[in-house]
Amino acid sequence: MCLALTVFIISYNISNMNQDFATAESYKKALKFLFSEVRYLKGIGPAKAKVLKNNKINTVFDLFFYIPRKYLDRSEVTSINQLKTGETATVIGKVVSFGVVRGRTRRFVVYIQDDTGHLELVWFSGYRYLENMFAGNDILSVTGKVGFYNGYQMTHPEFEVISGYDDQTIHTRRIIPIYPETSSLKMVKLHSRGLRKIIKPALTYLEHINCETLPDNVRHKHGLLKLNEAISQAHFPDSLEEAQRGINRLAFEELFYLELLLAVRHRKRATQEPGISFPPPKTLGRKLLNNLKFELTKAQKRVLREIYKDMEKPHPTNRLLQGDVGCGKTVVALLAMLGAVEAGYQAALMVPTEVLAEQHGYILSKMLKGLDVKLMVFTGSVTGRKRESILKKIALGKVDIIVGTHTLIQEKIKFNKLGFAIIDEQHRFGVAQRGKLKSKGLYIDILVMTATPIPRTLAMTFYGDLDISVINQMPPGRSRVKTKFVPFEKRDKMYSFISEQVKSGAQAYIVYPLVEESEKMDLKAAKESYERLHRETFPNLRLALLHGRMKGVDKNRVMEDFRDGKIDIVVSTTVIEVGLDVTNASIMVIEHAERFGLSQLHQLRGRVGRGGRQAYCFLLSDKKLSREAEARIKILCSTNDGFKIAEADLNIRGPGEIMGTRQHGLPELKVAKLTDSKMLSLARQSAFEIISDDAMLMKPDNRLLREVLLKKFSKKIKYSKIA
């Protein structure tokens, strides 16, 4: 009995081993096919392969994920005597005759018939090709728009020669896919018809291999089709409902592997990478809080606790601090930097513009008054002996906090002991630039900040390697900025209002758009407008011009004078978009508001309303606006909530344009939409659950996931290391 049981167990194990080996070999074969170059498919030569590559279709996998933009339902077959003029129909009939007909216009004509009547098919080009396509008694499936000229007629119809009435078709007698067509694809005959002809045979091969790329439990949990079924239904669906099911599965696949990539990196950083364990700050932070004339909001305190908790861990901090304009990110950032300084390390704050660097330097220095902390501003405008002196002090550790622009990542700058770095308005920096700052120290904690609120799930994807903190509360005393749309013809009335406000102690910005392609022209317009405003509109007020081509020292002088109340109105290009903080400024005028994005308009509006005075934002434009521009202006006039504005911007422009997919090092999605927060959340949850159980995907059940992940994202993995 025992011997029999032993033999059974051994046999069972050997059987399972053989089955596992067979499955592994099957998967290997499937992956080899899916990730093979598309040029090896039947019907694709070097010329077509080159064009496909230019359209980002390099592999068979890419081809399968080149999803139709729409479908045409040609599944219903109509008898010839039931045809209606002007409608598109599908007919099956036998070829009666065919050939070139000469007359006033040369044409190729095919007559077909079914049991109910005759149909004439007409082409006015491609005779040589067509002459070789038909034979007497061929069965044709044709689809086209029905006309009538001495009988029913179709001009240039889609057609297929079929062997019988039950034969499978790919262009007619079914729901057919219509693909996105570029001019280059059309040139090599890879229009929708051409693409159908190469995709269909590839799908046939797919049916005979085990090509599943999602774990069964994940697929079953979310009710998803198998991969081969999904690809087949996405391209040649049985119904429009099945087409959507196929597309949903492919979209989930993309999001799942994207989130899996982020989960692997997040887990590795949080548990394996060495970092600095900063002790909880005591003296400097407390002194700063005592010096402040205000108390932190509950949201600021919560976020600060999250940052300090991160800093105490023996692994690198990598956190995103998100908050609307004016919510108080700067003081939180300073308190975090003081935690590093108190532990004997240097801290750096990198910002996108010199004006902003000088502003931060000014504000932080005021906050640090009375504290034994040395702060310096280092930008491209600092030259000569002063530059060399600052570089030397940084290298010797005589500077605790360094505020700067891209200059902080130059090779010449050597930090003595950099332990904490903050990147402000981080979407303005590329992946490589952020990586260079991180490399300036051995184990640096990174905090990135943005005043561009984005939905949480989307933030988790675009900043997948970061933990996220949100300041979702405004400091007391910030009044709601009243925002109004002003047509150009009512400009003078607005100017009168501004003049009265300024005379009563207010200060104002008047901002002109600056488009890179026409920078000189726009700058000229801004200068001319400044002269006109100075001379005609506000002759008794103090005006100054601020633009991007001014020397750093001149920009700083204008902003200092404005801050000190020596200037009433600053006429500017969009150099004031980010971060400037002049408490008394309460009026923002945005010329040609239709030329600004929604987020940019919100950022500009955020420059005013920081004091006790009622603030105003005027959006000037022509009455005739594009639909998109009108939508932007309506949204801005209706709310001051940055998160609501971000949601609206997301719907108008899409996430890629808002976030800058390329500079985040994220792969471009072919099927999925990052606006689909529900699917994104489900994919993220599934991916992170797997990684929490198997951090590096080394378990036998997860090795396929690892293999697919590497094949999909081998070029992207290095970029996931940086915020």
Name the single residue, out of those in the range 308-320 being part of a helix (DSSP H, G or I) and surrounded by fewer than 23 Cβ atoms within 10 Å (Cβ to Cβ), that is farthest from the chain's Cα centre (by Cα).
Glu312
Enumerated strands (runs of 3 or more DSSP E) restricted to the range 58-114, each holding at least 1 residues that are surrounded by 20 or more Cβ atoms within 10 Å (Cβ to Cβ) and not basic (Lys, Arg)
88-101, 107-114
Under 8 Å between Cβ atoms, at least 6 apart or on separate chains: pull out the pairs that start in the range 530-543 with a residue that is in the same structural domain as Ile567 (by TED's automatic domain parsing) and end on any residue that is acidic (Asp, Glu) and crowded, with 18+ Cβ neighbours inside 10 Å.
Phe538/Asp568; Leu541/Asp568; Arg542/Asp568; Leu543/Asp568
The range 695-704 - residue that is buried (at least 16 other Cβ atoms within 10 Å of the Cβ) and farther than 24 Å from Tyr66 by Cβ and, of those, farthest from the chain's Cα centre (by Cα)
Asn702
Hey, can you tell me all the residues within the range 262-280 that are loosely packed, with under 14 Cβ neighbours inside 10 Å and modelled with pLDDT of 85 or more?
Ser277, Pro279
Provide a single number: the residues in the range 199-227 that are assigned to a helix (DSSP H, G or I), modelled with pLDDT of 90 or more, closer than 16 Å to Tyr27 by Cβ and not aliphatic (A, V, I, L, M).
2
Selection from the range 237-261 of residues that are assigned to a helix (DSSP H, G or I), closer than 14 Å to Ile176 by Cα and touching a residue at least 12 places away in the same chain (Cβ under 8 Å)
Leu240, Ala243
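Condition check ((1) in the same structural domain as Glu707 (by TED's automatic domain parsing); (2) assigned to a loop (DSSP other than H, G, I, E, B); (3) closer than 28 Å to Leu375 by Cβ; (4) not aliphatic (A, V, I, L, M)) across all residues:
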position: Ala263; (1), (2), (3), (4): yes, no, no, no
position: His266; (1), (2), (3), (4): yes, no, no, yes
position: Lys301; (1), (2), (3), (4): no, no, yes, yes
position: Glu306; (1), (2), (3), (4): no, no, yes, yes
position: Gln322; (1), (2), (3), (4): no, no, yes, yes
Quick check on Arg173: is it of a type in the set (Lys, Arg) and not in a loop (DSSP other than H, G, I, E, B)?
no
If I filter the range 581-600 down to residues being of a type outside the set (Val, Ile, Thr) and buried (at least 24 other Cβ atoms within 10 Å of the Cβ), which single residue comes out as modelled with the highest pLDDT?
Met588
Hits in the range 228-259 - residues which are modelled with pLDDT of 90 or more and more than 18 Å from Ile175 (Cβ to Cβ)
Asn228, Ala251, Phe252, Glu253, Glu254, Leu255, Phe256, Tyr257
What single numbered condition from (1) under 27 Å from Pro476 (Cα atoms); (2) of a type in the set (A, V, I, L, M); (3) assigned to a loop (DSSP other than H, G, I, E, B) fails to hold for Leu541?
(1)
Tyr149 being surrounded by fewer than 19 Cβ atoms within 10 Å (Cβ to Cβ), of a type in the set (Ser, Thr, Tyr) and over 28 Å from Glu76 (Cβ atoms):
no
If you check Gly606, Gly656, Gly611, which single one turns out to be at pLDDT below 85, assigned by TED's automatic domain parsing to the domain that holds Met494 and surrounded by 15 or more Cβ atoms within 10 Å (Cβ to Cβ)?
Gly611
The range 587-599 residues that are under 13 Å from Ile652 (Cα atoms), paired with ones that are assigned to a helix (DSSP H, G or I) and among the acidic types (Asp, Glu) (beta carbon under 8 Å, 6 or more apart)
Gly597/Asp649; Leu598/Asp649; Ser599/Asp649
Of the listed residues (Val377, Val341, Val351), the one being buried (at least 19 other Cβ atoms within 10 Å of the Cβ) and either over 18 Å from Ile409 (Cα atoms) or not assigned by TED's automatic domain parsing to the domain that holds His406 (or both) is Val341
Scan the range 664-686 and report the pairs whose first residue is over 9 Å from Glu259 (Cα atoms) and whose second residue is among the acidic types (Asp, Glu) and at pLDDT 90 or above, with Cβ atoms within less than 6 Å and a gap of 6+ or a chain change.
Leu669/Glu254; Val671/Glu254; Ala672/Glu254
Among (1) at pLDDT 80 or above; (2) assigned by TED's automatic domain parsing to the domain that holds Leu710, there is one condition Ile645 misses while meeting the rest; what is its number?
(2)
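The values are calculated or read from the model by the stated rules, or taken from the named source; none is laboratory data. Values in this document were obtained by computation on a predicted structure and should not be read as measured data. Positions of Cβ are generated from backbone atoms using ideal geometry, with glycine treated the same way; all protein chains shown enter the neighbour counts.
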